[in-house]
Structure formats: C-alpha cells, structure tokens
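Here the structure comes first, spelled out in structure tokens, and everything after it is commentary.
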Amino acid sequence: MSYTIRAMFPAICLTLILPCSQIAMAADPAPTKDAKPAETPVERAALPSRSQEDALALERSVPQAEQQQLQAGDDSFLALWKPANIDEPKGAVVIVPGADESPDWPNTVGPLRRKLPDVGWSSLSLSMPDAYNDVFARAADPAPAGDKAPADKDKPKDAQAKTPDPAASAEADAAAAAEQAAAQAELAKANAEKIFARIDSAVAFAQQNKARTVVLLGHGTGAYWAARYMSEHASPAVQKLVMVTAVDTGKDTPTLLELLPTLKVATADFVNKERTVARQQAQDRLDASKRVKNARFTQVALSTIAGNPAMEQDQLFRRVRGWLESQ
C-alpha cells in the first residue's frame, strides 16, 4: 500500500464512524434537568366517621378512668362511666344521647352525667352509631353535558313514533319504589338492632358494677330510642325511663306517640312547653297517657331561662333528681 493511501486511511474511518454516533445519540437522548419521574397514585385512607371523630376527641379530653370500651356484637364503642360518690349507690343512669350528640354533649347529656354521681347515682353515657343515610331520598345526579341524548331530529323515525306505555311505566315505577322501601326498611332494622345492642351492653355493665336499679335516660332522639328499647327489648333490670325534650327520628316507626301506651315502667317526660312545636307534641303525649289505664307516666315542665344556659341545666338536674328519688 502506498504512503498516500496509508495516510488517508484514518480520515476515511472517521467519516464512517461519525454518522453512526449521531444516530445513537438521537435514539437515546440524555435526560433533561426538568424531567420528573412518573408519580404513582397514592391511596388515601377512608375518612373517620362522625362517631369515630367524637370518640377520638373524647379520648384526649376526658380522664382515662372514665372511659370504657364496651362491646355490642362485633362493634366496640366508647362509653363514659362515673361511679356514684357514696358508699352505697342508689343505682345507675344509662344516658342515651340524641342524633349527632357525643357522650359528653354540653346540653343535658354532659351536665347530667357529671352531676348525678354527686347525689348517689352512677352515670354511664353512651356513644351512638352514626345515623344510617337515607340514600334513596337523594335526587338522581343529572347526566353530564357531554352525555346528553341526541336530539329528536337525529333519532330514527320509528323511534320518534313510539310512545312509552303508561301502564308499563307505572308498573316499573311501583317496582322500583317497592325495592327502595324494602332496602330502606332493612337499613332501619339494622340501625335499631345496633342501638339496642349498645343499650343491652350498657345495662349489663351497670349490673356488673352492682347497680341496684338501672334508669334509662334519653335526650332528643335518644329519648325515642330509649322508649322503643323499653317497648321492644324491655330488660327487667331497667325500672325507670326518663325522656328529656323527646323527639321522633322522623324516619323510624313506630312513633314515640305510638310507643307510650306500651311502656310498663315509670316514665318521666321532661318538656319545655314554651316552644310551640314541643308544646304540641308534649300535649299529645300527655293526652295519650291519659287514655291508658294505670299509666305510670309523669310530665314535668321546664322553664326557659334566657341568657343563662347553666341555670337551665341546673334546673333540669334538680327536676330529674327529684323525680328519681320520688319513685
């Protein structure tokens, strides 16, 4: 090989290698500084229910000695226990709060559970399960704008000519309504059984702590559940029933007015007759009790003390104490 060809050989090799390197660089570009790694979706934990949030808050604010974890079937729930401050307690008062109320609710529930032990009554205040959602009462969500049905002009002529059969539509609507009602009834039944199981557990706890007598006290809708418990699941250990500003749940049957004639224990109905709706409902309950022979029903009127809720709570406590000790 001549000297000239040998001298040109390296240059020829370089010209062949450079195009290959450019192709390799184009196929595998270097990562840029702004490139971000792909993010993996994060699964969020389910939000706690109202009753769980209340329980967590109470566990931080209420003395540990007052907290009791009771068992009702497969459910564990928080109850607040305060033993009577005497050597021989008169009994135990099981307090059933109303809807969305905690075992230490500032109106009625908390004040009574703290004051009753000072006059010889142990108190056990329950946490209630979350109210079941009336899913069938919700209006159906409107269809998204992008999913609108095509205009009539786009439909085939045969489809435009057809009209729905009124009888078939009515039958379908009736079947759907019956199905919803049955599902709603199942939810209501399950909710009632859950509440009754908690009251059963509370009564058993009171008996284990040597309560000579057990009083069931309900506030608001809690009074409805206390009365219904005494009507449908009466326990021989519960000898008195106290209802404070009792109201129906609005979606459960039988109603409070229908339950009263079935009660066989001494019952006190504490009402505020200065409120129009409450006054009429209280009068209806009083009239119903008069129609029942040997009814052990007493209605006690409370006064509104404007601007002094603490005095109102003290008034209620004194009236409840007086009735308990008169029986």
Complete set of residues in the range 161-214 that are among the small types (Gly, Ala, Ser) and in contact with a strand residue (DSSP E or B) (Cβ under 6 Å, 6 or more places away or on another chain) = 197, 201, 202, 206, 211
Could you grab the pairs with beta carbons closer than 7 Å, sequence gap of 6+ or different chains, first residue in the range 288-303 and under 16 Å from residue 255 (Cβ atoms), second one in a loop (DSSP other than H, G, I, E, B)?
-> 289/295
Could you please find all residues in the range 95-109 being hydrophobic (A, V, I, L, M, F, W, C) and part of a loop (DSSP other than H, G, I, E, B)?
-> 99, 105
For residue 163, state whether it is β-branched (Val, Ile, Thr), under 22 Å from the mean Cα position of the chain (by Cα), outside any helix (DSSP H, G or I) and more than 19 Å from residue 79 (Cα to Cα).
-> no
How many residues does the range 317-327 contain that are farther than 15 Å from residue 298 by Cβ and under 30 Å from the mean Cα position of the chain (by Cα)?
-> 1
Mind telling me which of the residues 240, 264, 293, 251 ends up being surrounded by fewer than 21 Cβ atoms within 10 Å (Cβ to Cβ) and in a strand (DSSP E or B)?
-> 240
Test: residue 210 is touching a residue at least 60 places away in the same chain (Cβ under 8 Å), surrounded by fewer than 16 Cβ atoms within 10 Å (Cβ to Cβ) and either in contact with a Leu (Cβ under 7 Å, 6 or more places away or on another chain) or part of a loop (DSSP other than H, G, I, E, B) (or both) | yes
Would you confirm whether any residue within the range 245-252 is acidic (Asp, Glu), over 23 Å from the mean Cα position of the chain (by Cα) and more than 23 Å from residue 76 (Cα to Cα)?
-> no
Please work out if residue 201 is among the polar types (S, T, N, Q) and without any contact (Cβ under 8 Å) to a residue 40 or more places away in the chain.
-> no
Of all residues making up the range 269-288, the number that are under 21 Å from residue 101 (Cα atoms) and modelled with pLDDT of 90 or more | 3
Matching residues, the range 67-80, being out of contact with any Lys or Arg (no Cβ under 9 Å at 6 or more places or on another chain) and in a strand (DSSP E or B) = 67, 68, 69, 71, 76, 78
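The values are calculated or read from the model by the stated rules, or taken from the named source; none is laboratory data. It should be emphasised that the depicted structure is a prediction, and the values quoted were computed from it without experimental measurement. FYI the Cβ positions are ideal-geometry reconstructions off the backbone, even for glycines, and counts take in every protein chain you see.
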